[in-house]
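The structure appears right after this line, and notes come after that.
The values are calculated or read from the model by the stated rules, or taken from the named source; none is laboratory data. Quick caveat, the model's predicted, so the values are computed rather than measured. Positions of Cβ are backbone-derived with ideal geometry, glycine not excepted, and every protein chain shown enters the neighbour counts.
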Amino acid sequence: MDRRTSREQAFVFLFENTFGMNSPEEIMENAMLAREEKVSTFTRNLFDGVLEKIEKIDKTIDENLMGWKRDRISRTALAVLRLAVYEIVFEKDTPNKVAANEAVELSKKYSTKEESSYINGILGSIISKTESAN
């Protein structure tokens with residue numbers, strides 16, 4: 001499974017997790033059993049990493065929402081942002097621009113053009129702050 005497919009699978013898991021109906025383990029187990037999906041190591045690392053750092057990730061998102069509150073954005077946008085922020089801030093194997101581009105592509109596939117533009121703006125702000133801090 002390539003990284004793009006693994007990233008999309010992690011996004012789906014994160015989206016499912018926003019509903020709080022199943023534990024992270026159940027989400028992955030359901031994917032493997034009910035949907036007969038294979039879960040890559042990269043998917044597991046992304047999903048587990050986001051959940052492990054979710055408070056810091058959400059704080060970063062909140063600081064960059066540009067006049068919005070997190071509870072006003074869609075679950076889709078939240079899952080995309082959480083995944084991208086994790087890769088930008090904590091996962092140094094993925095270049096920041098690649099993480100942002102992948103997030104925008106996911107949002108185009110699962111959301112609206114307007115939301116994709118908004119996500120791109122938020123991630124651009126986060127990348128600027130992250131890169132200037134280093």
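Odds and ends about this structure:
- Annotation: of all residues in region 5-61 being exposed (fewer than 15 other Cβ atoms within 10 Å of the Cβ) and among the small types (Gly, Ala, Ser), the one that is nearest to Leu123 (Cα to Cα) is Gly20.
- Where a residue in region 31-42 is in contact (Cβ under 8 Å) with a residue 24 or more places away in the chain and its partner, wherever it lies, is of a type in the set (Phe, Trp, Tyr), with Cβ under 9 Å and at least six apart: Val39/Phe13; Val39/Phe47
- In region 93-105, the residues that are surrounded by fewer than 18 Cβ atoms within 10 Å (Cβ to Cβ) and charged (D, E, K, R): Asp93, Lys97, Glu105
- Cβ separations smaller than 7 Å between residues 6+ apart or across chains give the following pairs from region 63-92 residues that are within 17 Å of Ser128 (Cα to Cα) and surrounded by 16 or more Cβ atoms within 10 Å (Cβ to Cβ) to residues that are of a type in the set (Gly, Ala, Ser) and at pLDDT below 95: Asn64/Ser125.
- Residue selected from region 32-46 under the condition of a type in the set (S, T, N, Q) and not in a loop (DSSP other than H, G, I, E, B), by the criterion nearest to Val12 (Cα to Cα): Thr43
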